[in-house]
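This report refers to the structure that appears directly beneath it.
The values are calculated or read from the model by the stated rules, or taken from the named source; none is laboratory data. As the structure is a prediction and not an experimental result, all values here were calculated from the model. Neighbour counts run over all protein chains shown; Cβ positions are idealised from the backbone, glycine included. What goes into the accessible areas is simple: the full protein's heavy atoms, side chains included, and nothing from ligands, DNA or RNA. Shrake-Rupley method; radii C 1.70, N 1.55, O 1.52, S 1.80 Å.
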Amino acid sequence: MAFVLCNMDKVNMSVAVIPMARDLGWSATERGLVSSSFFWGYSLTQVPAGYISTKIGGVKVLMAGVALWSFGTLIAPPAAHMGIWALCATRVLVGLGEGFAPSAATSVLAWQVPSTERSRAVTTVWGGLDVGSAVGLLLSGPLIRMYGWPSVFYLFAVLGGIWCLLWPLVRPGMQDPLMQAQNAAAANSGVIRVPKLPVGAEASSSAAAAEAIVDARLAAGSMDEMDEQFKQRIKDAAKAAGVPYSSPGSSRSGSPSGSSSSSDPTQPQQKQQPQQQPQQGDRSAVVPWGEFFKSPPVWAVTVAHFCFNWGYYTLLAWLPSYFEMALGLNVQESSFLTLIPYVAMIAMTPVVGPVADGLVKRGVSLTTVRKIAQGLAFVIPAACMVACALLTPPAGVAANVPLLVGLLSVGFAFGAWSRAGLYCNHQDLSPKYASALLGITNTAGAIPGVLGVTSAGYLLDATSSWQLALFLPTAAFQLLGAAFYSIFASSERQSWS
């Protein structure tokens with residue numbers, strides 16, 4: 001839900017800028033300046049957000065971010081009447097707040113979700129961005145028509161405040177016992193591995209996860225650390241899965257030394273004190289920043305993030321204006337037609353995670369799955385951008401609006417495959433430092449929000465060409481990203497993790 005609100009507060013300006021530019025006398029360059037000012041703040045908080053989320057956990061950081069961007073949204077209307085730079089300052093605040101969200105959410109997911117369910121979890125959570133874009137576009141046009149452009153800022157700010165009040169009630173810092181055991185087993189064994197699922201078990205089933213965790217715990221010799229509640233969950237899950245458990249001595253190694261025992265592996269070897277629920281974050285963690293920048297897979301994700309966001313952010317900011325200025329539509333029509341590509345992206349999102357996880361379960365390597373997914377997210381949208389450039393008519397000539405909207409929808413729909421590509425890759429490389437890694441790559445990903453959005457306005461004023469200002473630069477960066485990611489990307493756990 002936080003990610004839904006996140007993009008609602010991005011796209012409100014994409015639509016509101018049309019009547020604001022008319023009322024306040026802005027040029028295309030000034031439109032681009034206002035739209036890009038969000039990314040000035042957004043780019044500044046990426047690395048700090050990753051560091052802070054690693055230290056104290058993403059739960060608190062996410063709440064602080066939502067509160068800050070909601071405040072910035074609330075004060076935007078009066079600031080706009082004070083002047084363009086005052087408005088830009090409020091958008092910087094929104095960007096600062098939203099800059100905390102990706103790293104914080106990545107930290108929460110890495111804390112809560114096992115690797116066998118990661119593609120689905122990431123596509124669901126990050127898919128909230130696409131839902132937010134669609135909801136924001138759906139609401140903005142009618143709200144502006146009925147109540148004026150300030151209404152979209154006030155309503156979305158209030159929704160953010162309500163979210164902040166409800167967030168602590170869902171106890172987001174409580175870690176699932178299955179994930180807790182998997183992390184403990186990995187730490188005790190000194191070996192990080194993707195848990196092996198029992199034959200025929202679904203990756204999302206609790207029984208499959210339980211079997212994988214018992215395997216990891218037996219390998220680590222740490223079965224004695226489980227409390228009674230968790231042992232019962234292991235037994236129940238194993239029974240549901242039809243998985244027989246024998247003693248470590250008969251079928252499994254019960255300790256690192258290989259000693260055998262005829263006792264039930266879910267029984268403790270000695271009485272232990274009840275364990276407390278672990279808390280997210282590690283204040284003593286030393287983040288290996290230097291190692292990050294020596295890693296080709298980290299550079300692959302960074303470049304891919306930059307190239308993907310060049311298209312995503314530039315289109316997010318300029319599509320409503322494109323429909324109005326190039327195709328001659330009004331504010332409500334522009335808002336509605338801009339919504340359609342995002343609906344296509346939302347429709348594709350539920351397909352992405354299960355397909356990607358299914359490929360992994362069938363034995364396709366994780367690296368191959370990530371490259372296939374990200375390749376689809378780059379190449380097909382690039383082809384659609386080139387087609388839109390060719391089909392956009394000169395000023396005063398009627399356009400084939402349904403065909404253009406259809407091409408944009410196909411491009412956006414396949415862009416959803418990035419949720420199983422680069423957006424999962426940080427957690428593959430290092431669950432421990434996933435939020436710090438996302439802070440780095442999302443900083444690179446925020447730069448197109450400044451350069452791409454601003455340059456589109458400048459090029460539009462200079463050339464009056466939507467092809468040169470919007471579509472062809474997007475296609476070029478998408479193809480560059482596809483080539484770089486295909487060569488250098490990997491999902492192997494890194495040695496510094």
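Listing for the model above:
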read-out: Cα gyration tensor shape of segment 45-137, rounded if a/c is under 1.5, else prolate or oblate by comparing a/b with b/c; value: oblate
read-out: In Å², nearest 10: area of W466 left accessible to a 1.4 Å probe; value: 20 Å²
read-out: Solvent exposure ordering (accessible area, 1.4 Å, most first) of S107, S455; value: S455, S107
read-out: Which of L329, L44, L451, L422 is most accessible, then next, and so on - probe 1.4 Å; value: L44, L451, L329, L422
read-out: Alpha-carbon centroids, segment 438-491 and segment 359-390: separation in whole Å; value: 17 Å
read-out: Carbon and sulfur %, accessible surface of segment 1-65 computed with the full protein complex present, 1.4 Å; value: 67 percent
read-out: Of all accessible heavy-atom area on segment 280-353, the percent that carbon and sulfur account for (1.4 Å); value: 68 percent
read-out: Accessible area (Å², 1.4 Å probe, nearest 10) - V4; value: 20 Å²
read-out: Cβ-defined net charge surrounding L24, 13 Å radius [Lys, Arg +1; Asp, Glu -1]; value: 0
read-out: Heavy atoms of S43 accessible to a 1.4 Å probe, total area in Å² rounded to 10; value: 30 Å²
read-out: Given charges at Cβ of Lys, Arg, Asp, Glu: segment 1-108 dipole, positive-most of V47, V17, T29; value: V47
read-out: Cβ-based net charge around L93, under 15 Å, with every Lys or Arg adding one and every Asp or Glu removing one; value: 0
read-out: Accessible-area ranking of M146, M8, largest first, probe 1.4 Å; value: M146, M8
read-out: Linear extension gain, V355 paired with W289, 0.36 nm per residue minus alpha-carbon span; value: 20.4 nm
read-out: Inter-centroid distance (Cα atoms) of segment 13-36 relative to segment 65-111, Å; value: 18 Å
read-out: Under 11 Å, Cβ to Cβ, from G421 - net charge with Lys/Arg +1 and Asp/Glu -1; value: +2
